[in-house]
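For reference, the structure discussed in these notes is given below.
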Amino acid sequence: MDRFPFPDDLVRAQQEWHDTYRALAVPRPRRATELRRRLFLLSVRIAWHPFWSTPAGWTPAARVELRRLTGGDRQAGAA
């Protein structure tokens, strides 16, 4: 059961954000400028998504939950 009804496009954008961030985190990433631009575009898309204007999106916990859901077990490898 999902506590927050995240739209599919928002979930995909957050997943792409994580993937792009990881690609930039490697030493000497290839296409770094392109990746930074992509990260910026995704950040804007996520931050200004209409979901955040709904009652379910008003709470800061919704943003945390979106990152938790889309980050998956990637954080476990970093710990």
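The values are calculated or read from the model by the stated rules, or taken from the named source; none is laboratory data. Note that the coordinates shown come from a computational prediction; the quantities given were computed from them, not determined experimentally. When we count neighbours, we look across all protein chains shown, and the Cβ atoms used for this are built from the backbone with ideal geometry, even at glycine. Note: areas computed on protein heavy atoms with side chains; ligands, DNA, RNA excluded. Shrake-Rupley method; radii C 1.70, N 1.55, O 1.52, S 1.80 Å.
Accessible area per residue for the stretch 4-59 in Å², computed with a 1.4 Å probe and the full protein assembly in place, what is it?
72
Work from the charge dipole of the stretch 11-74 (Cβ charges, +1 for Lys and Arg, -1 for Asp and Glu, about the Cα centre) and give the residue of W52, P27, L66 farthest towards its positive end.
Final value for the positive-end residue is P27.
Work out the FRET efficiency for T54 and R30 from their Cβ-Cβ distance, taking R0 = 35 Å, and round it to the nearest 0.05.
Given R0 = 35 Å and the Cβ-Cβ separation, E is 0.35.
So, taking all protein chains as they sit and a 1.4 Å probe, how much accessible area belongs to H49, in Å² rounded to tens?
Approximately 20 Å² for this residue.
Out of every Cα pair in the chain, what percent are spaced more than 19 Å from each other?
Percent of Cα pairs beyond 19 Å in the chain: 40.
May I ask you to give the percent of accessible area on the chain that is carbon plus sulfur, with a probe radius of 1.4 Å?
Of all accessible area on the chain, carbon and sulfur atoms account for 57 percent.
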